[in-house]
Amino acid sequence: MEDGIRPEAMYMGISTILWIVAIKDLVDLTDSNTLLDYGSGKGIQYKTVLPEDENRVACQKLQDYWETSEIYCYDPAYPPHQNLPNRQFDGVISTDVLEHCHQEDMKWIINEIFSLARRFVFANIACYRASKSLPNGKNAHCTIRPSVWWDVVLKSITQNYSEVEYCVLVKYIWLDIKGDEPVFQVLSNLKPSEQGEIELSPSSATIHKIR
């Protein structure tokens, strides 16, 4: 990367931390037990994050907080995690991933994500330029499209996966007198009553990290 950041410090997987409450809500709502992190980066979030549960008891790891039996990390750009699983998981999460993929590859990537899910998919997508650039000088966010574009792509694929619940958060940056403010639009097939049970704001959970 340009910007003077060491390669080993890039794409650690920490973007998942903001959404641990939303993911837990989806795990509980769908009674899920196994998870695939699609585009997990180096997966440091599963080694260094100790969230508190609803009783303010620090969990030993993120997997305990979600109360799942398995979390599988997949990231084609990181050799230890580059093996794509050939089986399904109850839930598939993909945070800070899709905007880094080329537009011409988007349909097959999203289709692959849904094909690996039995019960739910959670993703967040940034619709603005990244603060970082690639070595070739291009912006790290390869695909910057409005939520209506993402909605059309999602619906063209999810019609083949009617049994899979999905919740995709499209993030914009709104500039006003207070400065940059994040704004989220929800793309989902969850019923309103179900969606109301999910915490869709960035996580307010207490997080303890191990350095």
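The values are calculated or read from the model by the stated rules, or taken from the named source; none is laboratory data. Keep in mind the model is a prediction, meaning the values are calculated, not measured. Heads up, the Cβs are rebuilt from the backbone with ideal geometry, glycines too, and the neighbour counts pull from every protein chain shown.
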Just name the residue that is modelled with the lowest pLDDT out of those in the range 152-211 that are among the aliphatic types (A, V, I, L, M) and farther than 19 Å from Ala22 by Cβ. Ile210
Condition check for Val27: surrounded by 15 or more Cβ atoms within 10 Å (Cβ to Cβ), over 20 Å from Tyr166 (Cβ atoms), among the β-branched types (Val, Ile, Thr) and touching a helix residue (DSSP H, G or I) at 6+ places or on another chain (Cβ under 6 Å): no
Please go through the range 93-121 and pick out each residue that is surrounded by 22 or more Cβ atoms within 10 Å (Cβ to Cβ) and farther than 19 Å from Lys171 by Cβ. Ala117, Phe120
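Quick check: anything in the range 64-78 in a helix (DSSP H, G or I), hydrophobic (A, V, I, L, M, F, W, C) and crowded, with 18+ Cβ neighbours inside 10 Å?
The answer is yes, given that some residue of the range 64-78 is in a helix (DSSP H, G or I), hydrophobic (A, V, I, L, M, F, W, C) and crowded, with 18+ Cβ neighbours inside 10 Å.
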Checking Asn124 against (1) touching a residue at least 40 places away in the same chain (Cβ under 8 Å); (2) among the polar types (S, T, N, Q); (3) loosely packed, with under 13 Cβ neighbours inside 10 Å, which single condition isn't satisfied? (3)
Leading residue by the ranking (surrounded by the most Cβ atoms within 10 Å (Cβ to Cβ)) among those in the range 150-168 that are of a type in the set (S, T, N, Q) and more than 12 Å from Met106 (Cβ to Cβ): Thr158
